[in-house]
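Trainee: Have a look at this one.
Bear in mind these aren't lab numbers, they're just calculated from the coordinates by the rules spelled out. None of the values given here were measured: they were computed from a predicted structure. Methodologically, a virtual Cβ is constructed for each residue, glycine included, from the backbone with ideal geometry; neighbour enumeration extends over all protein chains shown.
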Amino acid sequence: MADIVILAAAGMGAVDNTFAKPLFSALETELGEEWSRLYCAELPGLEHFQSNIERTFESMQKRELDFLRARKYLLLGMSQTAAQSGNVDRRDNNYEKTQREIYAALAKAADQVDDRAPVILISHSVGCINLSNYLWDAQRPNVSCGVWREGGPAGVHRGSARERFLRLKTLSHWYTLGPTMPLWCADRPREQIQAVTSNTRGYNFRWKNFYHPNDLFGWPLKPLSPSYNQAVCRDYETCSLSDHGALSSVAFPSPPEDYWRNPIVVEQLIEDVRSLLKTVNKPAHRHPQPSQQALAV
């Protein structure tokens, strides 16, 4: 049985469910034998959107267009988020389907660990929005949409350790990579831009945000509002502005792999995982067998 759960959520541009492999591979190399104490999984991509998005993109290519890669990246991110913003109160809508996928991944992880096991979430771009929505609903006793409406899915006892786990109350760290939150709430007054809580309502986790200064869709979060400033532990630049050799004078959509392979992200994750491994119970060791001499005595 594993001691720590690490779940990764894809964002714009993910084409399969191996997007977090570079990050997981780095962890395995650094941790050695202790890698076996981790349960690592990638949240499934939003496949119920993918076919429609691909069809739209193929149709658009019948005309001459420049910056095709950037256009597809934009289409993937904006259409996925927009598709979940309408009719959220209606059952079996896209908002609820996305939350079901997150819930199912957590339920699968719960079968492999103790219900009190700490969880680390790592999400990229649109994946940050999806997990934020899930957390927002899970942090409230009554919501009118998503999987936590009417107290949540049947079969889980309210107040149980399993429900706490599924509501992510054992969350210890949340890594947001190139988040797009400002794109969807910038029209509101600052005091109305609310983040999920990281230290109340039974939650206590460290929220670390990572962004590339030239990434059009990756943003710092602490300046967004007083609520985000309080909830987010720190904004990390994945490439310093002072590093002129690594930055372009033109803004661009940063490829997903640039975040999943980034040395700063990897370094922070390894440090946090090692710290967590020291706090959770280590696997029980067998007592040594008595020697023949001791048996004789």
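Trainee: 7 Å from Cα along Cα→Cβ at both T29 and K278: what's the point-to-point distance in nm?
Mentor: Going by the 7 Å Cα→Cβ label model, 2.4 nm.
Trainee: Just subtract the alpha-carbon distance of M1 and R206 from 0.36 nm times their residue separation and send over the number in nm, one decimal.
Mentor: 71.3 nm
Trainee: Now for a separate question. Go through 186-197, 268-279 and give me the packing order, highest mean Cβ count within 10 Å leading.
Mentor: The most tightly packed comes first, giving 268-279, 186-197.
Trainee: Tally Lys/Arg at +1 and Asp/Glu at -1 over every other residue whose Cβ is under 14 Å from the Cβ of H157; what's the total?
Mentor: +2
Trainee: Pop a pseudo-label 7 angstrom from the Cα along the beta-carbon direction at both D111 and R188 and give the gap in nm to one decimal.
Mentor: About 3.7 nm separates the two model spin labels.
Trainee: While we're on this one: Quick one: if the Förster radius is 45 Å, what FRET efficiency do R158 and R234 give, using the C-beta to C-beta distance and rounding to 0.05?
Mentor: After rounding, the FRET efficiency stands at 0.85.
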